[in-house]
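Before any comments, here is the structure.
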């Protein structure tokens, strides 16, 4: 067959754009030293972003290697911990190939921006204090009476949803956590070095100023190590694939948009459970965007979203017992501070729940937030006064209290015995004698 017969009727237009970036000493009053730089470009139709001669493939970022389509942004992390005078070469490949045969074809660079994200104010890991309140002698076997909280990084507006990513391919393990107020996920090493991991982590809309917490909240990993994210502002649960593209796992139930997924956990069979209170909506329970009349607990399996419980008005943290016979879920309501325990049925649905522990008698506005379980079945709940440690039988063994109000936690490090705590503005760590259940 001749070349003329094989030729398609469309016309392909492509071009390269190169940008030499030199980090300045200052940008107005802003000192860029230590910042993370993110480059975003919108090209109609296809774009690749090359950084210093390489095409980035980074977990947690939409990479330049993806066909994004009309008016869709490509974002890549260009550099972390930059210094004035540092030089970076950006190369953008744009292509446009219509299916028709117009008289001419063009590439449209609709927008391009280089965003600087201020470095967190790090503090060296050191003993920082905290209080351990012992209610039962059994607590000593879980947390040593001499254990202290270490403050690893500070300066964040509000921290949530941590997950530990284990060592892989020679790369040391690290902690990921959300800053929902700033629409950002951060990455932190075991020695407290933090950097931006994913921007626009929970919301990609233009009316972001209406939202108090538009970003991501709960984070976890599936059996293949893929990051799964509860997105407050976008009101959905997504999974980040190895090459940076995303898969939407849940955004609707019964044809109605979810409230704002909050926390999540995988069962060993690969099914995903998540809570869906409306705390990510600007007006919360009274927001006109709210479509569902309840706050549900959901299960995602085989591409289907199933409602498994709707008896809590504000379900929040959740975790399975070690044998996965029970699912624990706590409630963020200052007038109903309860931890529920639901039996897990053979088909993955939940049976009738019972109150496992009630903290409503504790005064104050703080309700219940993050919840985790260790390998011995003890339940850890972020509640009034700190992290409550409950035995598998529902007995309060004691409370560990960091210097700031705790909102969530995750076990990390190689042995799984370091409990990382996301507090109001800081990340803390405390060693435990029992390893936790991790993704």
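The values are calculated or read from the model by the stated rules, or taken from the named source; none is laboratory data. Quick caveat: nothing in here was measured; it's all calculated off a predicted structure. Cβ sites come from the backbone with ideal geometry, for glycine too, and all protein chains shown count toward neighbours.
Odds and ends about this structure:
- Among all residues of region 294-302, there is none that is closer than 20 Å to residue 208 by Cβ and either exposed (fewer than 15 other Cβ atoms within 10 Å of the Cβ) or not assigned by TED's automatic domain parsing to the domain that holds residue 234 (or both).
- Qualifying residues in region 167-186 (those that are touching a residue at least 60 places away in the same chain (Cβ under 8 Å) and surrounded by fewer than 22 Cβ atoms within 10 Å (Cβ to Cβ)) - the one nearest to residue 279 (Cα to Cα): 173
- Remark: residue 239 matches the filter, which requires a residue to be in the same structural domain as residue 199 (by TED's automatic domain parsing), surrounded by 18 or more Cβ atoms within 10 Å (Cβ to Cβ) and either at pLDDT 95 or above or in a loop (DSSP other than H, G, I, E, B) (or both).
- Any chance residue 330 is surrounded by fewer than 24 Cβ atoms within 10 Å (Cβ to Cβ) and assigned by TED's automatic domain parsing to the domain that holds residue 267: no
- Test: residue in region 206-216 that is part of a strand (DSSP E or B) and surrounded by fewer than 24 Cβ atoms within 10 Å (Cβ to Cβ): no
- Test: residue in region 317-325 that is in a loop (DSSP other than H, G, I, E, B), surrounded by 22 or more Cβ atoms within 10 Å (Cβ to Cβ) and either assigned by TED's automatic domain parsing to the domain that holds residue 371 or within 24 Å of the chain's Cα centre (by Cα) (or both): no
The rows are residues; the columns are (1) assigned by TED's automatic domain parsing to the domain that holds residue 335; (2) surrounded by fewer than 24 Cβ atoms within 10 Å (Cβ to Cβ); (3) more than 30 Å from residue 168 (Cα to Cα); (4) modelled with pLDDT under 95.
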residue: 377; (1), (2), (3), (4): yes, yes, no, no
residue: 380; (1), (2), (3), (4): yes, no, no, no
residue: 386; (1), (2), (3), (4): yes, yes, yes, no
residue: 397; (1), (2), (3), (4): yes, yes, yes, no
residue: 400; (1), (2), (3), (4): yes, no, yes, no
residue: 407; (1), (2), (3), (4): yes, yes, no, no
residue: 413; (1), (2), (3), (4): yes, yes, no, no
residue: 418; (1), (2), (3), (4): yes, yes, no, no
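- Residue 403 touching a residue at least 24 places away in the same chain (Cβ under 8 Å) and over 17 Å from the mean Cα position of the chain (by Cα): yes
- Only one of the numbered conditions (1) in contact with a helix residue (DSSP H, G or I) (Cβ under 6 Å, 6 or more places away or on another chain); (2) crowded, with 20+ Cβ neighbours inside 10 Å; (3) in contact (Cβ under 8 Å) with a residue 60 or more places away in the chain is not met by residue 278, and that is (3).
- Some residue of region 277-294 being part of a loop (DSSP other than H, G, I, E, B) and within 22 Å of residue 373 (Cβ to Cβ): yes
- Check on residue 341, touching a strand residue (DSSP E or B) at 6+ places or on another chain (Cβ under 8 Å) and surrounded by fewer than 17 Cβ atoms within 10 Å (Cβ to Cβ): no
- Which listed residue, of 111, 204, is over 30 Å from residue 376 (Cα atoms) and outside the structural domain of residue 234 (by TED's automatic domain parsing): 111
- Flag: residue 262 matches the condition of being touching a strand residue (DSSP E or B) at 6+ places or on another chain (Cβ under 8 Å) and either surrounded by 14 or more Cβ atoms within 10 Å (Cβ to Cβ) or assigned to a loop (DSSP other than H, G, I, E, B) (or both).
- Being at pLDDT 85 or above, closer than 21 Å to residue 209 by Cα and touching a strand residue (DSSP E or B) at 6+ places or on another chain (Cβ under 6 Å) is a condition met by at least one residue of region 165-181.
- Among residues of region 383-434, those that are in a loop (DSSP other than H, G, I, E, B) and more than 16 Å from residue 149 (Cβ to Cβ), counted: 10
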